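Since the structure comes first, as structure tokens, the remarks are kept for the end.
Just so it is clear, none of the values below were taken in a lab; they were calculated from the coordinates. Remember, it's a predicted structure, so these values are computed and weren't measured experimentally. Cβ placement follows ideal geometry from the backbone for every residue including glycine, while neighbour counts extend to all protein chains displayed.
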Amino acid sequence: MDLTDTVGPHVTSGALPGVAALIGRGTDEVEAAVLGSPSFEAPTTLRRDAIFRIASVTKPMVAVLAMLLVEDGTVRLDDSVEDLLPELADRQVLRDIGGPLDDTVPADRPITLEDLLSLRFGFGFSPELPFPGTTPIQEAETALELKTLGPPWPPAPFDNAEWMRRLGTLPLLAQPGSTWMYNTGLHVTGVLLERAAGIGLGDLLQARLCAPLGMVDTGFMVPADQVHRLTTQYAADAATGALQVIDEGDDTSWWAAPPAKPDASGGLVSTLDDVWAFGRMMAGGGRHEGQALISPASFALLTTNRLTEAQRRAATLFVGEAGGWGLGMGTPVDGVGSFGWEGGTGTSWRMEPRSGTTVIVLTQRAMDSPQPPPLFRAVWSYAWGAP
């Protein structure tokens, strides 16, 4: 049995239109499989250079970008973010996550960049929040179109400055540093990096990460002359389970034009080879072609669990029974497991340190829950010999 045999049934069954997968041992590619079609509606052969919306696989890439700015002294992990993000100064915190917006207490301390990257700054999706959103904070977040506590599409219609202004009108859901809450911390990180560097997030990402690694197709939009390589994105209807088109793979796509707000939490498009370029660097401990892109210390900070046992238990829905969270990515705990992350559009990048094995899976079917879908589990089992 090979990788093609492993992923093939998930395509032939009609569960998804196509899949691009890769397994690397150390920094060497061992096996790749590209099967199916870019779309159900106009089936053609899926190519290895097909462009996917990688969703939250964006998070580890932005976290590495943040560490590059930490290394050159542009920002510091433990400094307050208030100078760069005055919208987050003097925070108020809800007494009850489901309570009224004006029932608050002052934040115990300022928010730091480490809080943002570790998703513990006090705002984000929590298993304590009902779905669909019915609490005052969820209703306010939806009305403000922040796109952090619910579906991310369509993208926010305004720029980072307006997004931060709106976020700053809401209280935190928890004290800074106290609770792991998904997603929003990386949205805020993107705004902070833009302001710290003085250039747009897309340009910063290209200059500091994509160009050095040769990631030629990764960005927050698809150039007009490459839109033909963009796959169509699907999600299952909550009531019927039928797959519906969320975003077309053509010039009507939301990714066919520059976004009003570059989404550092999940807005990147990429390809199998670009994600492998990033994964190969991480498999090399932060080194690329013999040179250190990030230092060993930064690599360790990114890939070491930072959550307490209580925070991990509260985050089990996302990180799993044995998982932790470092900076911008899931991490092993006590040396057991993998670092990396999944994207809600049906994508995954994971590296298991004990075996040195990287697994990348890119699809066009959105995940139905934070739990890994059967395809991911099948490929992980094939690559690592365990579910």
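Between residue 71 and residue 49, the contour length at 0.36 nm per residue exceeds the alpha carbon distance by 4.7 nm.
Using θ = phi - 60° in the Karplus curve 6.51 cos²θ - 1.76 cosθ + 1.60, the 3J(HN,Hα) couplings for the range 85-90 round to 10, x, 5, 9, 6, 6 Hz; x is entered for Gly and Pro. Here the simple spin-label model places points 7 Å from the Cα toward Cβ, and for residue 384 and residue 368 these points are separated by 2.3 nm.
Under 5 Å between amide hydrogens, built in the peptide plane, is the criterion, and for residue 230 it picks out 51 among residues at least 5 positions away or on other chains.
What you get for the range 76-197, charging only the Cβ of Lys and Arg (+1) and of Asp and Glu (-1), is a dipole of about 180 debye around the Cα centre. Choose one of 57, 30, 93: the residue whose Cα lies farthest towards the positive end of the charge dipole of the range 1-133 (beta-carbon charges +1 Lys, Arg; -1 Asp, Glu; about the Cα centre). It is 30, whose Cα lies furthest towards the positive end. When the chain is treated as a GNM with alpha-carbon contacts under 10 Å, the residue of 116, 84, 201 showing the greatest mean-square fluctuation is 84. Please compute the contact order of the chain in relative form: average sequence separation of alpha-carbon pairs under 8 Å and at least six residues apart, divided by the residue count, as a percent. Result for the chain is 24 percent.
Kindly rank 355-366, 166-177, 319-330 from highest to lowest mean number of other beta carbons found within 10 Å of each residue. Mind showing how you got there, number by number?
On the way: 355-366: 24.0, 166-177: 19.2, 319-330: 21.7.
Those peptides, ordered most packed to least, come out 355-366, 319-330, 166-177.
Dipole magnitude for the chain: computed about the Cα centre from +1 point charges on Lys and Arg Cβ and -1 point charges on Asp and Glu Cβ, it is near 640 debye. Rounded to the nearest Å, what's the spacing between the alpha carbon centres of the range 19-66 and the range 158-212? Just the number, please. So the separation of the two Cα centres works out to 25 Å. In a fully extended conformation the segment linking residue 15 and residue 165 would gain 49.9 nm over its present Cα-Cα distance, using 0.36 nm per residue. For the pair residue 254 and residue 289, label points projected 7 Å from Cα toward Cβ lie 3.5 nm apart. Choose one answer from 340, 214, 190: the residue with the largest mean-square fluctuation in a GNM of the chain with alpha-carbon springs under 10 Å. Largest GNM mean-square fluctuation: 214.
Using unit Cβ charges (K, R positive; D, E negative) and no other charged atoms, how large, in debye to the nearest 20, is the dipole of the range 193-311 about its Cα centre?
Working: 7 positive and 14 negative charges, 126 e Å.
For the range 193-311, the charge dipole is close to 600 debye.
With the convex hull of the Cα atoms taken as the outline of the range 76-197, the averaged projected area works out to 6.8 nm². Ranking of 382, 234 by neighbouring Cβ atoms within 10 Å, starting from the fewest: 382, 234. Between residue 109 and residue 29, the contour length at 0.36 nm per residue exceeds the alpha carbon distance by 24.2 nm. Each label was represented as a point 7 Å from its Cα along the Cα-to-Cβ direction; for residue 102 and residue 304 these points are 4.6 nm apart.
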